[in-house]
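The values are calculated or read from the model by the stated rules, or taken from the named source; none is laboratory data. All figures in this text were calculated on a predicted structure; none of them were measured in a lab. Neighbour counts run over all protein chains shown; Cβ positions are idealised from the backbone, glycine included.
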Amino acid sequence: MATKQRVVVVITEGASNKLLHEFVAQGYLPGFERLLRQGAWGEMASHVVPYEPPGLMTAFTGTSSSEHGWYSYWTVHEQDHKPRVLSSADLRVKPFWLRPEHSERHFSIINVLGSHPPIPMPGEIITYPMGQTLKASYPSDLLISLARQGLHYTHDVSIWYKGQERNDLVSRLIEADRRRVALALHFYDKGAEVVIVNLTSIDRTCHYYWQELEPGSCVVRSESAILGAFQCADELIDKLLDRMDDKTTLLAFSEIGFGPLKAYLSINEILAKAGFLQWKQAGTVVDWEHTVAAEAVQGSSGVNINLQGRHADGTVSRQDYEKARADVAAALRASINPYTGLNLFASVATREEIYEGTRMQDAPDLILFPEDHRYLPLGDPVWALHVNRPLQSGWHRDRSYWASTGPQVSAGQRPDPASLLQVLPSIEYALGAYESGEQAPLFAESFVGV
């Protein structure tokens, strides 16, 4: 019987395209250097707003946020204005490993957003929980079984920045990724047809240690936390390239890039000064009974109108919705960045101008696009302060990278930025399951008939 086609997907969250190529050119990443030399590669654009949940759900469902329904880690609209953590049950389009056409394959999924709580699937999954739990895998005893083999695991939620000593946090972040690396290799060596592993230490170190790469930093580049995280991912790429046969395709990408952050700006404070919001407790607790609009949860980059019927204490009637939204948008377009004296936003758009789909109503009423990405909206203050956002020195950017090698991939740079909507067609083509559609595979130049 012929050997089946196999695919390994390595997600390196937060890997800036520019930084990746700089590290490769400086000789720090021999694995990525091999991948870029022998494979296809190019830029990857984020999905509308550069944020992990909508980006990865777009990649693995093959649909946009306005179809799969995820705009953040949390819901955007709740009656009581308190964003709720999203779960796998909230995903309106199934990820491809749960679809009937792939039911005969063996998948090994590690740490992918949108997968918790676990759903029975063909193969095994270690989910990405947003809270402490012992029920984060399928089969349910998977983590225990792996630990007995010396393969231990650490969830992201167990490692959170709270102002602790730098070396302690960095070592724990990278060790968690090293454990994911070991598991990815373990499942590949056992013969899984599709291995997907999400490495997160690049993203985490970029958030809190981007200043180590800034001019004048006292940290030399070779000792930066971010490079250490890149090198952890590089170890996996290098080992996979050593193991791959002529039936295996390797795809590495990030759904977000990264860059410097100078400050978060409270959009609620701007709305308060314009008369659209009142506080019960300045900066943190909104007086909803006297508020027209407020900032949506972080990652959604938006503002919500306090609409009657949608919110229990809504103040804006349906007939006044469009006027209220237009007035709020006008105030935000006129807002000035206090750090630069320039416009705070490049554009303020209605959700209908940005999204189109059956779950468009789950998006914020207004979408904000910053003029200077070093100065960003804070987000709903409850969650933003809970996750220590103001302590960060780096944040997501629209451009990251992708790179792939395999039996049907011809080497060379692709000149145009790719879309996350191309990730799933690429995986399915490599598996021999691609059906020609609107989105071509990332490395389409090498395919006859695409």
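Summary of computed values
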quantity	calculated
Condition check for Leu385: outside the structural domain of Gly163 (by TED's automatic domain parsing) and out of contact with any strand residue (DSSP E or B) (no Cβ under 9 Å at 6 or more places or on another chain)	yes
Tally of residues being buried (at least 16 other Cβ atoms within 10 Å of the Cβ) and farther than 14 Å from Tyr264 by Cα across the stretch 358-381	8
Filtered residue count, the stretch 81-101, keeping only those that are among the charged types (D, E, K, R) and farther than 17 Å from Gly69 by Cα	3
Condition check for Glu428: in the same structural domain as Met57 (by TED's automatic domain parsing) and among the acidic types (Asp, Glu)	yes
So Asp168, is it in contact with a Phe, Trp or Tyr (Cβ under 9 Å, 6 or more places away or on another chain) and either surrounded by 14 or more Cβ atoms within 10 Å (Cβ to Cβ) or not polar (S, T, N, Q) (or both)	no
Members of the stretch 125-150 that are part of a loop (DSSP other than H, G, I, E, B) and under 25 Å from the mean Cα position of the chain (by Cα)	Tyr128, Pro129, Met130, Gly131, Gln132, Thr133, Leu134, Lys135, Ala136
Extreme residue, nearest to Val285 (Cα to Cα), among residues of the stretch 58-101 that are within 16 Å of the chain's Cα centre (by Cα) and aromatic (Phe, Trp, Tyr)	Trp74
Of all residues in the stretch 153-181 being touching a strand residue (DSSP E or B) at 6+ places or on another chain (Cβ under 9 Å) and of a type in the set (D, E, K, R), the one that is farthest from Ala229 (Cα to Cα)	Asp156
Criterion: modelled with pLDDT of 95 or more, in a loop (DSSP other than H, G, I, E, B) and surrounded by 17 or more Cβ atoms within 10 Å (Cβ to Cβ) - qualifying residue of Tyr188, Tyr153	Tyr153
Residue within the stretch 105-119 that is without any contact (Cβ under 8 Å) to a residue 24 or more places away in the chain and either surrounded by fewer than 18 Cβ atoms within 10 Å (Cβ to Cβ) or farther than 20 Å from Glu52 by Cβ (or both) present	no
Complete set of residues in the stretch 391-450 that are part of a helix (DSSP H, G or I), in contact with a Phe, Trp or Tyr (Cβ under 9 Å, 6 or more places away or on another chain), closer than 30 Å to Thr205 by Cβ and not polar (S, T, N, Q)	Leu391, Leu420, Val423, Leu424, Ile427
Test: Arg351 is touching a residue at least 60 places away in the same chain (Cβ under 8 Å), under 20 Å from Gly69 (Cβ atoms) and either crowded, with 19+ Cβ neighbours inside 10 Å or of a type in the set (Lys, Arg) (or both)	no
Some residue of the stretch 400-412 being among the polar types (S, T, N, Q) and not assigned by TED's automatic domain parsing to the domain that holds Tyr73	no
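Residue-wise test of (1) at pLDDT 95 or above; (2) touching a helix residue (DSSP H, G or I) at 6+ places or on another chain (Cβ under 8 Å); (3) of a type outside the set (A, V, I, L, M, F, W, C); (4) closer than 23 Å to Thr200 by Cα.
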residue: Pro54; (1), (2), (3), (4): yes, yes, yes, yes
residue: Ser65; (1), (2), (3), (4): yes, yes, yes, yes
residue: Thr75; (1), (2), (3), (4): yes, yes, yes, yes
residue: Glu78; (1), (2), (3), (4): yes, no, yes, no
residue: Leu86; (1), (2), (3), (4): yes, yes, no, yes
residue: His102; (1), (2), (3), (4): yes, yes, yes, no
residue: Phe107; (1), (2), (3), (4): yes, yes, no, yes
residue: Pro122; (1), (2), (3), (4): yes, yes, yes, no
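A quick yes/no check of all residues on (1) of a type in the set (Gly, Ala, Ser); (2) assigned to a loop (DSSP other than H, G, I, E, B); (3) modelled with pLDDT of 95 or more:
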| position | (1), (2), (3) |
| --- | --- |
| Glu322 | no, no, yes |
| Ala329 | yes, no, yes |
| Ala346 | yes, no, yes |
| Glu353 | no, no, yes |
| Thr358 | no, yes, yes |
| Gln361 | no, no, yes |
| Leu368 | no, no, yes |
| Asp372 | no, yes, yes |
| Ala384 | yes, no, no |
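Yes/no matrix, rows are residues, columns are (1) at pLDDT 95 or above; (2) in the same structural domain as Ile305 (by TED's automatic domain parsing); (3) surrounded by fewer than 17 Cβ atoms within 10 Å (Cβ to Cβ); (4) assigned to a helix (DSSP H, G or I):
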position	(1), (2), (3), (4)
Ser222	yes, no, yes, yes
Ile226	yes, no, no, yes
Asp234	yes, no, no, yes
Asp242	yes, no, yes, yes
Leu250	yes, no, no, no
Ile270	yes, yes, no, yes
Phe276	yes, yes, no, no
